[in-house]
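Below is one structure, written out as structure tokens; comments come after it.
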């Protein structure tokens, strides 16, 4: 699992994702182990981040479950099974406030 998390996190970091946060769901969800949350400056950057996660995870042999990256939304996601990556832009991160919603869960330092 740590390999998948590291692959996803590093792929997001490589594309200069701002304010990366990892939330640990292992004790609270039978389906998800981690959320990786980050911010992009615009849609093109957000899309590039998601595509990089998709490419790096696929290269490492992980199965991509679903990619949500429509140009009409400001919250893009990629589901890689136990890790779900979220990329927000244009104020959406503050609006949905996933870190606040899950503030009781531990975060992971990478």
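The values are calculated or read from the model by the stated rules, or taken from the named source; none is laboratory data. Small disclaimer: the values here were computed from a predicted structure and weren't measured. Using ideal geometry, Cβ is built from the backbone for each residue, glycine included, and neighbour counts are taken over all protein chains shown.
Things to note:
- Meets criteria (closer than 19 Å to residue 3 by Cβ and modelled with pLDDT of 95 or more) for residue 66: no
- Summed over the stretch 71-110, the residues that are over 12 Å from residue 39 (Cα atoms), more than 13 Å from the chain's Cα centre (by Cα) and outside any loop (DSSP other than H, G, I, E, B) give a count of 5.
- Verdict on residue 53 being part of a strand (DSSP E or B), surrounded by 16 or more Cβ atoms within 10 Å (Cβ to Cβ) and either under 15 Å from the mean Cα position of the chain (by Cα) or modelled with pLDDT of 95 or more (or both): no
- Scanning the stretch 31-50 for residues that are part of a loop (DSSP other than H, G, I, E, B) and touching a strand residue (DSSP E or B) at 6+ places or on another chain (Cβ under 9 Å) yields 32, 33, 40, 41.
- Residue among 13, 19, 79 that alone is modelled with pLDDT of 95 or more, within 19 Å of residue 108 (Cα to Cα) and exposed (fewer than 14 other Cβ atoms within 10 Å of the Cβ): 19
Rundown of residues vs (1) surrounded by fewer than 13 Cβ atoms within 10 Å (Cβ to Cβ); (2) farther than 27 Å from residue 104 by Cα; (3) touching a helix residue (DSSP H, G or I) at 6+ places or on another chain (Cβ under 8 Å); (4) touching a residue at least 24 places away in the same chain (Cβ under 8 Å), yes/no style:
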residue: 9; (1), (2), (3), (4): no, no, no, yes
residue: 24; (1), (2), (3), (4): no, no, no, yes
residue: 39; (1), (2), (3), (4): no, no, yes, yes
residue: 43; (1), (2), (3), (4): no, yes, no, yes
residue: 57; (1), (2), (3), (4): no, yes, yes, yes
